[in-house]
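Report on the following structure.
Just so you know, all these numbers are worked out from the coordinates, no wet-lab data involved. Since the structure is predicted, the reported quantities are computational estimates derived from the model, not experimental observations. All Cβ positions, glycine included, derive from the backbone under ideal geometry; neighbour counts span all protein chains shown.
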Amino acid sequence: MTYDLLIKSGTVATDVDVFEADIGIRDGRIVEIGDLGSDASEVIDATGKYVLPGGIDSHVHISQPSGEGIVMADDFESGTRSALFGGNTTILPFCLQQRGQSIRQALEWYHGLAEGNCYTDVKFHLIITDPTSHVLGQELPAAVADGYDSFKVFMTYDDLRLNDAELLATFDVAREFGATVMVHCENEDAIKYLMGKHEAAGRVEPSAHATTRPIAVEREATHRAMSLAEIVGIPIVIVHVSNGAALEEILRARQRGLSVTAETCPQYLMLTEDDLDAANWEGAKYVCSPPPRNVTEQAACWEGIQNGSFELFSSDHCPFRFDSLDGKLNPKGARGFRHIPNGIPGVETRLPILFSEGVVKGRIDLKRFVALSATNHARTYGLYPRKGTIAIGSDADLAIWDPSCERTIRHRDLHDGSDYTPYEGLEVTGWPVTVVLRGKIAVRDGELVGRKQDGSYLQMR
Ligand code: DUC
Ligand code: ZN
Ligand code: ZN
């Protein structure tokens, strides 16, 4: 047989081209693209379907320690299974260095969780919370040399945040050893000030989460993070941008010559702060940081998606259960917005939402969809051209989309470990019905055929 797997007669898209073709796969790689006959061990008829690069979600939280008594709803098994059903073949979750912990300890623990439990390929980002001189001088350079070459730093959360001196020092290591830095931009002192005011006024309900983290909190921190990057002389990734003012800061920094990659997420296109007002404390379901804004900011984020200001569209999947003591409704028995764990599920719905709201509604074309969903993630985090495109020699990571499939999003049909979706009842058109991971069918016509041992850790160096 010429091919192990042949995908016939689909509409193939990359970030630069859309064309009708067959794709021939051997030994997990794409070996030919064109009019390829039928000499294959297995043939998938993709007539009327789109054949796209498997999605890469470069912002996913799985099994991340989240404070005493609070537990993330997904481990690697459920998180990667959910990702797979949403048309993804690679995810990039975060390995958190807890304060006092060495980077190696954090990596060993996280690899132990992932090993043998992944339906998709994975590669870790580090979260640096304790940049001691030993960490900066020895541990981080060694980790980068071993291929852990992207890390996230936080400007908010007491147990995660770095101060400006620590940001500068961490950026400097990234510059020297060639790592990519992602920044969560919110001004913690301003948030604390507003929390104090709210609580003094008796405002403790979920909607106070949004009003204690207004746009200025994010805009100021975005400006500061980029200024510090400019001073050190490094490119920077600003993650989960929620509004037009922060995006304007990014555009201005780019005009000054700084290399800034910008990411936004489904919640900033589809949710608003009004969702946090839902009755019976259900507003907690939408608590994430930065918080959802309003329809004007949604429009600004759409514009950034349409004109290419955003290179990355990620889920920021950070799942907690709603009705659970270790989750959002009554965390550890406590009530009050400051106790609600921040983050929402979305790894499975990211691409169907972008496809339906973006491609089907005519806001973006298929090429931009591919760029935002896969190619730009691979380029930003060093996976391209092995991942993120359809080309000879690339891994055969493919999502076959039925562009006319109509579905109503219901949590009961999803595959994550949470007990709700923020998008319950949303009607979408288009769904990834078949997913291929390195030449192996993992989801066939909506049915799981892959195994949790099939995903690999992507060791790129
Ligand atoms: N930041 C994230 O990146 N994800 C969820 C929560 C948060 O604050
Ligand atoms: Zn963040
Ligand atoms: Zn996140």
Other residues with Cβ under 10 Å from the Cβ of residue 300 give, with Lys and Arg +1 and Asp and Glu -1, a net charge of -2
With +1 at each Lys and Arg Cβ and -1 at each Asp and Glu Cβ, the charge dipole magnitude of the chain around its Cα centre, to the nearest 20 debye, comes out at 440 debye
With the dipole of the range 54-360 defined by +1 on each Lys or Arg Cβ and -1 on each Asp or Glu Cβ, the option from 109, 310, 216 whose Cα lies farthest towards the positive pole is 216
In the range 54-360, taking the dipole from +1 charges on Lys and Arg beta carbons and -1 charges on Asp and Glu beta carbons about the Cα centre, the listed residue (196, 294, 154) farthest towards the positive end is 196
Two pseudo-spin positions, 7 Å from Cα along C-beta at residue 295 and at residue 189, lie apart in nanometres by 3.8 nm
Kirkwood calc, the range 76-116, C-alpha pairs only, radius in angstrom 11.4 Å
Residue separation between residue 281 and residue 177 times 0.36 nm, minus their alpha-carbon distance, gives in nm 32.8 nm
Cα convex hull volume per residue for the chain, in Å³, equals 128 Å³
With a Förster distance of 51 angstrom and the Cβ-Cβ distance between residue 451 and residue 159, calculated FRET efficiency to the nearest 0.05 equals 0.90
Under 20 Å by backbone N from the virtual spin label 7 Å along Cα-to-Cβ at residue 216, the residues of the range 239-263 are 242-250
With +1 on the Cβ of every Lys and Arg and -1 on the Cβ of every Asp and Glu, the dipole magnitude of the range 388-461 about its Cα centre, in debye rounded to the nearest 20, is 400 debye
Low-density loop chymotrypsin sites (Phe, Trp or Tyr not before Pro), the range 346-424, at most 10 other Cβ within 10 Å, DSSP non-H/G/I/E/B, are none
For the table 8/367; 8/452; 285/452; 152/440, the rows whose alpha-carbon distance is greater than 25 Å are 8/452; 285/452; 152/440
Residue by residue through the range 23-36, the couplings from Karplus 6.51 cos²θ - 1.76 cosθ + 1.60 with θ = phi - 60°, in Hz, x for Gly and Pro, are 10, x, 10, 9, 6, x, 10, 7, 10, 8, 9, x, 9, 10
